[in-house]
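Just below is one structure, and these are the notes that go with it.
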Protein chains: 4
Amino acid sequence: MLTFALFGAGRIGRLHAANIAAHPKARLGLVADVAEEAAQAVAAQHGASVGSVEEALASDRIDAVLIATSTDTHAPLIEAAAAAGKAILCEKPIDLDIARATAAVRTASAAGVPLAVGFNRRFDASFAALKARLDAGDIGTPEIVSIASRDPSPPPLAYVRVSGGLFRDMMIHDLDMARWLLGEEPIEVHAMGSALVDPAIADAGDVDTALVSLRTASGRLAQISNSRRAAYGYDQRIECHGSKGMLRADNLRGTTVEIATAAGYVRDPILHFFLERYGPAYRAELDAFVEAVLTGREPAPTGEDGLAALRLADAAQQSLETGTPVRLPAS
Amino acid sequence: MLTFALFGAGRIGRLHAANIAAHPKARLGLVADVAEEAAQAVAAQHGASVGSVEEALASDRIDAVLIATSTDTHAPLIEAAAAAGKAILCEKPIDLDIARATAAVRTASAAGVPLAVGFNRRFDASFAALKARLDAGDIGTPEIVSIASRDPSPPPLAYVRVSGGLFRDMMIHDLDMARWLLGEEPIEVHAMGSALVDPAIADAGDVDTALVSLRTASGRLAQISNSRRAAYGYDQRIECHGSKGMLRADNLRGTTVEIATAAGYVRDPILHFFLERYGPAYRAELDAFVEAVLTGREPAPTGEDGLAALRLADAAQQSLETGTPVRLPAS
Amino acid sequence: MLTFALFGAGRIGRLHAANIAAHPKARLGLVADVAEEAAQAVAAQHGASVGSVEEALASDRIDAVLIATSTDTHAPLIEAAAAAGKAILCEKPIDLDIARATAAVRTASAAGVPLAVGFNRRFDASFAALKARLDAGDIGTPEIVSIASRDPSPPPLAYVRVSGGLFRDMMIHDLDMARWLLGEEPIEVHAMGSALVDPAIADAGDVDTALVSLRTASGRLAQISNSRRAAYGYDQRIECHGSKGMLRADNLRGTTVEIATAAGYVRDPILHFFLERYGPAYRAELDAFVEAVLTGREPAPTGEDGLAALRLADAAQQSLETGTPVRLPAS
Amino acid sequence: MLTFALFGAGRIGRLHAANIAAHPKARLGLVADVAEEAAQAVAAQHGASVGSVEEALASDRIDAVLIATSTDTHAPLIEAAAAAGKAILCEKPIDLDIARATAAVRTASAAGVPLAVGFNRRFDASFAALKARLDAGDIGTPEIVSIASRDPSPPPLAYVRVSGGLFRDMMIHDLDMARWLLGEEPIEVHAMGSALVDPAIADAGDVDTALVSLRTASGRLAQISNSRRAAYGYDQRIECHGSKGMLRADNLRGTTVEIATAAGYVRDPILHFFLERYGPAYRAELDAFVEAVLTGREPAPTGEDGLAALRLADAAQQSLETGTPVRLPAS
C-alpha cells in the first residue's frame, strides 16, 4: 500500500485524488493547498487529512507525493520531497527553466527517490497499443511520426502570459510523444508559428498555431501541428509511417452513434478536452507509478524524459524566435 | 465483335446503349422503341440505325438483343429472339407471372441461344469481391446473410400499380443476391410488410416497407429489409456472417470528404440511386455477357436464376398475403 | 444512501458488488450465496458481511436486494424481498415460465416495492444516445429496427440445456431493445432458427443461429439476428431506419489503433464479451436504480418490461416450433 | 471539337490518348514519339495518324497539343507550339530549371495561346470537393493545411538521377495543392529530408523521405510529408484545419469490402498508384482544358501556377541543402 500526500487541490489535483482513492494499492493520506478550502473539500471526500507540505514531508505515514501545484513550485517541491525521501509523481513541466528543472531532477536522482513526470499520454490505451506494436516491429523501422494536437479553445490570456509559451506549455506533450515514438533523440528542431486564433496571444508574445519538424541522427523525421482552437473538440491523433507499414491512433467519441439524413452521415464531435480524453490515461499513469514504486522499479516517464522534452520545447521556441532550425547535441 | 439490337430506349435502355457503344468488342447496330423519337435519339448518338423488332431479328448483322422494354413485353421478345437465334440479355424480371417467365426461358433454352438476366448487382465491384472471398472460404460456411436495400423515394403510383408488387419489382434483386450468397436454395420464405411511406401504396394493394426471412435445407438463414424511401440516399449493403468471420460491403459515396465542426463529423450522403451506384456494375454486366457469348460460354445470371428469384418473390408475396411462411420444394 | 444485499456471488454478482461498492450513494451490506466461500470473498473485498437471504430480508440495515442467483430462484426471491419491503434489482430473466414470472411481478407490484429488471443494454451509452435521438424525432417515425447480436462462442452444453432456449436466454435482450426502440408493442412474431454452430445444441433441443421478425399494430417492423458464435468478438449493433433518416450504433473496440500494411488496413477485433462491452452499462444501470429508489420514482426497465420481453421470447420459441408466426394481443 | 496532337506515347501519353479519344468534344489527330513503334500503337488504337512534331505544328487540323514527353523537352515544345498558335496542355514540370520554365511560360503568354499544366490532383473529385467547401467558407479561414503523399515504391535509380530531386519531381504536386488550399502564397519554406528507403538514393544526391513546412504572409501554415515508399499503397490525403472546423479527404479503395475475423477488421489496401487513384482526375483535367479552350476561357492550372510550384520546390531543395529556411518574395 502506498500512501500519498497530494500537493495542489485544483482541477487536476482533484482528478489525481479520486484516482488515488480508488486505487486498490494506494491511499490518500494528506492534502495540501494554499487555498485551504479546496484542500478541505478534497480531503473530506476521500477521508484524508489536511496539512501543510512540511507536515506531509515530515510524516512517516506518507510514502509518496503527487505534485499538482502551479508550475513555479514544482522544482522546490521535488527537491523538498527528495530530501524527505518520498517517491514523487510530478505534473509536467518540471519547470519552465531548463537549468532549474535540471537541478531538481539531479537532486531527486542524488537522493535516490523515484521520480516520474506526468506525461499522461503515454498511458492512453490507444497510444500505448500503438507504441507496443511499433516496438514489436509490426511496421518495421519508424520513418515519419505525425502528431496532430489541437485544444478545443485557448486558455485565458492571464494563463498564456505565464505559461512559458505554446511549446513549453502545450506542445511539450507532443514532443515527448515524438521522442517516445521515434526511438531516437532528435538532433534538429525547426518551428513555425502564428497567432491566428487571437491577436491578443501575439500581443502576449506567444503563438497559437504552430508546426514543428524534428530529425534524429539516423534521419527519422517527425512533424507536429498544434492549434489552440478546434471547433470539433480536442483533436489528438498520432500516425507512424514505417518501412513495412503504418500505425495510427484516432480520436475518441462518447458514443458510436451515427445519424444519416439528407444532410449526410453525422458522427458525434470528438471528446471535449483532456479530462474526458485522458481520464483513463491518468488512472493508468497512477497504476504504473504505484506498481513501480511498490516493486522497486524506476517509474516512467523519468525526470530525464521531462528534461529532454523541455529541451526540445526550448529549441522550438528558439527556432521560432530566430527563424532558423536549432541543432541539439546527440545524446 | 458482337452487334446488338437494343429494344427499349428509355432510361435504362440509354444506359445500356452507351455501354455497348463504349465496349471494345461490341457495337450498337439497331435501336427499336415504340416511341420512335426516343429510338432516333439513342441511335443518332451512337451511330446506330432505327428499326423495328422484326427488322432486328431478321437481320444477319444483329448477333444479340438487349431487352430493356416494359416488363410485359420481355417474355414474347425473348421467345422471338430465341426463334431468330439471337443471344439475349434481358432486364429483370423476365415476367411477373412465373408460368409465363418459365415458358420464355424454356423456349430460349430449347433454341440453344445464350440468355442472361440483368441482375446487375452481381457485378458491383464490392459485392463481387465479397462473393469471391466467400467462395474462397475466407469466413468458412455462410450462416446468416443480411441485406439492407432501400430506395431514396418511392416510384410513381401509376408504376406501383403495374409493378407486380414490391417483392417482384424491388426485392427480386435482393432475393437473387441472397441465393447467390447463401450458396444453397432457400426452401422456406417468410415475409412481413407495411405501407408506412405512403398510404396510397396500401390502397394500390402493395407495401413499401418489408422484411423477408429465408432458410435453406442445411439451415443457413438470410434476412432482407426493404424500404421504398431513405432520406440519406440509395442504401445498398450486404453482410455475410460465417463460421470463421464476417464479410460486409458498404455503400459508396461520391467523395471521401469529411467535415468536422462543432456539430460533429459529417460525410456526404451515399450515392443517390441505382444509375449512380450501379453504373460500373452495368458496364461489368455487359462485359461479362459479351465475353461469354463471344467465347461460347453460358452467360450468367442465367434464365434459371431469373426464375428462381421470381419464385422467391412469389413466395414472399404469398407469405405476406396469407400471414404464414411458404415452403418451396428443395431443388 | 442505499444499502444492498447481494444474492449470488458468481461472475455477474461480483460485477454488481464492485459497482455497488464504488457508488457514492450505495453500500454493500450483505452477500448471500449457497457457495459460502464465494460469498466470503466478495464480502471481504468490499467490507460487507456474509449472511443468508433470510437474514438479509429480516435486517433493517438492508434497503434493497440485487438478485444475481440462478434463474430458477429469481421469482421466489422477488416474492420474498417484496414481502420484506425491499427494493429489487433482478437480473434477467425473471423466470423462464411466463406464469411464474407474472406472479412474481404482480406480488412485487402489490407490495408496492420498486422492482427493476437487468436489461443492461438500455444503459449502454451508445444505445441510450440512439434512443434519445429517436425520441427527439431526429429521424421521424421509426419504421425498421435492425438488431445484430452475436456471442463470441456458445455457452457450455450443460447451460444450454437449462437456459430456456436461445430466445428466452439470449435474444430476450434484443427483444427488449426492439420493444424499446419500436415505441409500440409487437403484435406478431416470426422466428427461424438452426443449429449451425454445434449439432449438440440441436440434440439439446435448441438452436444457435436465429432470425426473428416483429410487427407492431401500426406496421412498424423489427428484425433480429442472433448467433452463438462470432469469430471477431461480441457483435452488438443496432440500426433504426425512420421516415427522416437512419440512426445506428456500432460496436466498441479497446483502442482506435489501425495498422496498414500490404495486407490492408486492420483494426482490432471488437470487445470480447458482455463484461467488457457492457461494463459501463452495468454501472449506469445501478446508478439509475439507486437514483430512482432514493428519489421515490419507479425504476426501469420495470417488471412489466421483463414480462413483455419474455412473452416475445415465448412467441418466438413457439413460432420456431410450429413454423408459423404467432399473433400477440394488442396491449 | 478540339483536335489534339499527342507528343509522347509512353505510359502517361497513352492514358491521355484514351481520354482524348473518349471525350465527346475532342479528337486525337496525330501522335508523335521518338519511339515510332509506340506512336504507331497508340495512333492505331484510336484512329489517329503518326507524324513528327513539326508536321503536327504545321497542320491546320491540329488545334491543341498535349505534351507528355520527357521533362527536358517540355520547354522547347511549349515554345514551338506557342509559335504555331496551338493550345497547350503540358505535363508537369514545365522544366527543372526555373529560368528555362519561366521563359517557356512567357513565350506562350506572349503568343496568346492557352497553356495549362498537368497538376491533375486539383481535379480529383474528393480534393476538388474539399476545395469547393473551403472556398464556400465551411470551415472559415484555413489555418493549417496538412498533406500526406507517399508513393508505393521508389522509381528506378536511373530516373532518380535525372528527376531533379524529390521536391521538383514528387513533392511539386503537393506544393501546388498547398498553394491552392492556403489561398495565399507561401513566403517561407523549410525542408528536412533523409534517405531512409534506399541508401543508393542518398548516393544519387537525393532524399526519399521529406517534410516541408510553409508559411504565408498572414501566418497560415502548411506541412507536407513525402515518402518514396508505402507498404500499403499510394497514400494521398489532405486535411485542412480552419477557424470553424476541419475538412479532410481520404484515400480511395477498390471496394468497400471489410472482413472481420479473430485477427480484427480488415479493409483492402488503398489504390496502388497514380494511374489507379487519379484516373478519373486525368479525365476531369482533360474535360476542363477542352471546355476552357472551346469557350475561350483561360485553362487552369496556369503556366504561372506551374512556375509558382517550381519556385517552392526550388526553395525546399535549397532549404534542405543549406539547413535553413528560405524566404520567398511576397507576390
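The values are calculated or read from the model by the stated rules, or taken from the named source; none is laboratory data. This structure is a prediction, so every number in the text was calculated from the model and none was measured. Positions of Cβ are generated from backbone atoms using ideal geometry, with glycine treated the same way; all protein chains shown enter the neighbour counts.
Can you tell me which residue is nearest to the other protein chains (Cβ to nearest Cβ) among those in segment B:104-124 that are buried (at least 17 other Cβ atoms within 10 Å of the Cβ) and of a type in the set (Gly, Ala, Ser)?
Here the residue is B:GLY118.
Restricting segment C:218-229 to residues that are assigned to a loop (DSSP other than H, G, I, E, B) and over 16 Å from C:GLU184 (Cβ atoms), which is farthest from the other protein chains (Cβ to nearest Cβ)?
C:ARG228
I'm trying to understand the selection: among the residues of segment B:193-217, which are within 8 Å of another protein chain (Cβ to nearest Cβ), over 22 Å from the mean Cα position of the chain (by Cα) and either part of a strand (DSSP E or B) or within 22 Å of B:ALA309 (Cβ to Cβ) (or both)?
Matches in segment B:193-217: B:SER194 only.
Can you find, within segment C:230-242, the residue that is farthest from the other protein chains (Cβ to nearest Cβ) among those that are in a loop (DSSP other than H, G, I, E, B) and touching a strand residue (DSSP E or B) at 6+ places or on another chain (Cβ under 7 Å)?
Result: C:ALA230.
Can you pull out the residues in segment C:7-30 that are farther than 13 Å from C:ARG61 by Cα and part of a strand (DSSP E or B)?
Of everything in segment C:7-30, just one residue is farther than 13 Å from C:ARG61 by Cα and part of a strand (DSSP E or B), namely C:PHE7.
Do we have C:ARG122 as assigned to a loop (DSSP other than H, G, I, E, B) and either closer than 23 Å to C:GLY296 by Cα or touching a Lys or Arg at 6+ places or on another chain (Cβ under 9 Å) (or both) here?
For C:ARG122, the condition - assigned to a loop (DSSP other than H, G, I, E, B) and either closer than 23 Å to C:GLY296 by Cα or touching a Lys or Arg at 6+ places or on another chain (Cβ under 9 Å) (or both) - is not met.
Could you list, in sequence order, the residues of segment D:88-110 that are touching a strand residue (DSSP E or B) at 6+ places or on another chain (Cβ under 8 Å), among the hydrophobic types (A, V, I, L, M, F, W, C) and assigned to a loop (DSSP other than H, G, I, E, B)?
Result: D:ILE94, single match.
Any idea how many residues of segment B:261-280 are within 13 Å of chain D (Cβ to nearest Cβ), over 9 Å from B:TYR234 (Cβ atoms) and not in a loop (DSSP other than H, G, I, E, B)?
Counting residues in segment B:261-280 that are within 13 Å of chain D (Cβ to nearest Cβ), over 9 Å from B:TYR234 (Cβ atoms) and not in a loop (DSSP other than H, G, I, E, B) gives 7.
How many residues are free of Cβ contacts under 8 Å to residues at least 60 places away in the same chain, closer than 16 Å to A:MET177 by Cα and in contact with an Asp or Glu (Cβ under 6 Å, 6 or more places away or on another chain) if we restrict to segment A:234-265?
0
Considering (1) within 14 Å of chain C (Cβ to nearest Cβ); (2) in contact with a helix residue (DSSP H, G or I) (Cβ under 9 Å, 6 or more places away or on another chain), say which one A:ALA129 fails and leave the rest.
Answer for A:ALA129: the failing condition is (2).
Restricting to segment C:6-46, what's the tally of residues that are loosely packed, with under 14 Cβ neighbours inside 10 Å, modelled with pLDDT of 95 or more and under 20 Å from C:LEU294 (Cβ atoms)?
1
Of all residues in segment A:43-98, count the ones that are more than 14 Å from A:ALA17 (Cα to Cα) and polar (S, T, N, Q).
5
For the list (1) within 23 Å of the chain's Cα centre (by Cα); (2) modelled with pLDDT of 95 or more; (3) under 19 Å from D:ALA9 (Cα atoms); (4) crowded, with 22+ Cβ neighbours inside 10 Å, I need the number of the one condition that D:ALA101 fails.
Among (1) within 23 Å of the chain's Cα centre (by Cα); (2) modelled with pLDDT of 95 or more; (3) under 19 Å from D:ALA9 (Cα atoms); (4) crowded, with 22+ Cβ neighbours inside 10 Å, the lone unmet condition for D:ALA101 is (3).
Considering each of B:SER243, B:SER213 in turn, give the residue that is of a type in the set (Gly, Ala, Ser), over 30 Å from D:ASN251 (Cα atoms), in contact with a His (Cβ under 9 Å, 6 or more places away or on another chain) and in the same structural domain as B:GLY165 (by TED's automatic domain parsing).
None of the other options fit; the residue is B:SER213.
Taking segment B:287-304, which residues are within 13 Å of the chain's Cα centre (by Cα) and either surrounded by 21 or more Cβ atoms within 10 Å (Cβ to Cβ) or assigned by TED's automatic domain parsing to the domain that holds B:ALA18 (or both)?
Residues satisfying the conditions are B:PRO301, B:GLY303.
For (1) assigned to a helix (DSSP H, G or I); (2) in contact with a Cys (Cβ under 6 Å, 6 or more places away or on another chain), each residue gets a yes or a no:
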| site | (1), (2) |
| --- | --- |
| D:ILE139 | no, no |
| D:VAL145 | no, yes |
| D:PRO154 | no, no |
| D:VAL160 | yes, no |
| D:ARG168 | yes, no |
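Name, by its number, the condition in (1) in contact (Cβ under 8 Å) with a residue 60 or more places away in the chain; (2) within 13 Å of chain B (Cβ to nearest Cβ); (3) surrounded by 18 or more Cβ atoms within 10 Å (Cβ to Cβ) that does not hold for C:HIS173.
It fails just one condition, (2).
Can you pull out the residues in segment C:243-260 that are outside any strand (DSSP E or B), within 30 Å of A:MET246 (Cα to Cα) and not polar (S, T, N, Q)?
Once the filter is applied, which keeps residues that are outside any strand (DSSP E or B), within 30 Å of A:MET246 (Cα to Cα) and not polar (S, T, N, Q), segment C:243-260 yields C:ASP250, C:LEU252, C:ARG253, C:GLY254.
Going through B:ALA300, B:ALA316, B:ALA284 one at a time, which residue ends up being within 14 Å of chain C (Cβ to nearest Cβ) and touching a helix residue (DSSP H, G or I) at 6+ places or on another chain (Cβ under 9 Å)?
On inspection, the qualifying residue turns out to be B:ALA316.
Could you tell me whether any residue of segment A:141-151 is modelled with pLDDT of 95 or more, within 18 Å of A:ILE88 (Cα to Cα) and within 14 Å of chain C (Cβ to nearest Cβ)?
No, every residue in segment A:141-151 fails to be modelled with pLDDT of 95 or more, within 18 Å of A:ILE88 (Cα to Cα) and within 14 Å of chain C (Cβ to nearest Cβ).
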